1. Considering each of ILE89, ILE102 in turn, give the residue that is closer than 18 Å to ALA16 by Cα, within 13 Å of ligand 2 (Cβ to nearest atom) and not small (Gly, Ala, Ser).
Amino acid sequence: MRNITFTMIKPEAVEAGNTGAILNRMEEAGFRILALKKVHLTAERAGLFYEVHKERPFYGELVEYMSGGPIIAAILEKDNAVADFRTLIGSTNPEEADEGTIRKEFATSLAMNAVHGSDSDENANIEANFHFSEEERF
Ligand code: IDP
Ligand code: MG
């Protein structure tokens, strides 16, 4: 079944000029870009996006990082989108990410790991709705 996932290219990867290369990896893996934009999140918006992590010790660092520069936000469509995209990006910690994954190639640390990927269909819809209206999706 075709479904969606939500992704962000994180600030350090955008700053490094890797936006095109990373989007290319996603398209080559069969993901269709349904919505796409560049946005600089405020600390408040980044904090809301990552609210599920607010009790974790790295929350403050994560919010500061994700609001520290513009990101690329996108909704991607594919069969089995959520699981296949997590496979494409690799483990949260790039030192544990498999060869050929986006995080292996582009991440610089556990915190600055180049890309976000939704962890469930439910969260993919919540995250897509957080960033995009219906008229921004094609
Ligand atoms: P995920 O992005 O692979 O789903 P999560 O556990 O949901 O990983 O964590 C969200 C984000 O928080 C990670 O992508 C990473 O940027 C950051 N993060 C996760 N664990 C740590 C940590 O131990 N120290 C610093 N940052 C972390
Ligand atoms: Mg996560």
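1. Numbers: ILE102 fails: within 13 Å of ligand 2 (Cβ to nearest atom).
Selected residue: ILE89, the only one of ILE89, ILE102 that is closer than 18 Å to ALA16 by Cα, within 13 Å of ligand 2 (Cβ to nearest atom) and not small (Gly, Ala, Ser).
Each row is one residue, and each column tells you yes or no for (1) open to solvent by 70 Å² or more (accessible area, probe 1.4 Å); (2) within 15 Å of ligand 2 (Cβ to nearest atom); (3) within 21 Å of GLU12 (Cβ to Cβ).
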residue: ALA43; (1), (2), (3): no, no, yes
residue: TYR59; (1), (2), (3): no, yes, yes
residue: VAL63; (1), (2), (3): no, yes, yes
residue: MET66; (1), (2), (3): no, yes, yes
residue: ILE75; (1), (2), (3): no, no, no
residue: ALA83; (1), (2), (3): no, yes, no
residue: THR108; (1), (2), (3): yes, no, yes
residue: GLY117; (1), (2), (3): no, yes, yes
residue: ALA128; (1), (2), (3): no, yes, no
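The values are calculated or read from the model by the stated rules, or taken from the named source; none is laboratory data. A quick note: this is a predicted structure, and the numbers were derived from the prediction, not measured. All Cβ positions, glycine included, derive from the backbone under ideal geometry; neighbour counts span all protein chains shown. When the accessible area is computed, the model is the full protein with side chains, heavy atoms only, and any ligands, DNA or RNA have been set aside. Shrake-Rupley method; radii C 1.70, N 1.55, O 1.52, S 1.80 Å.
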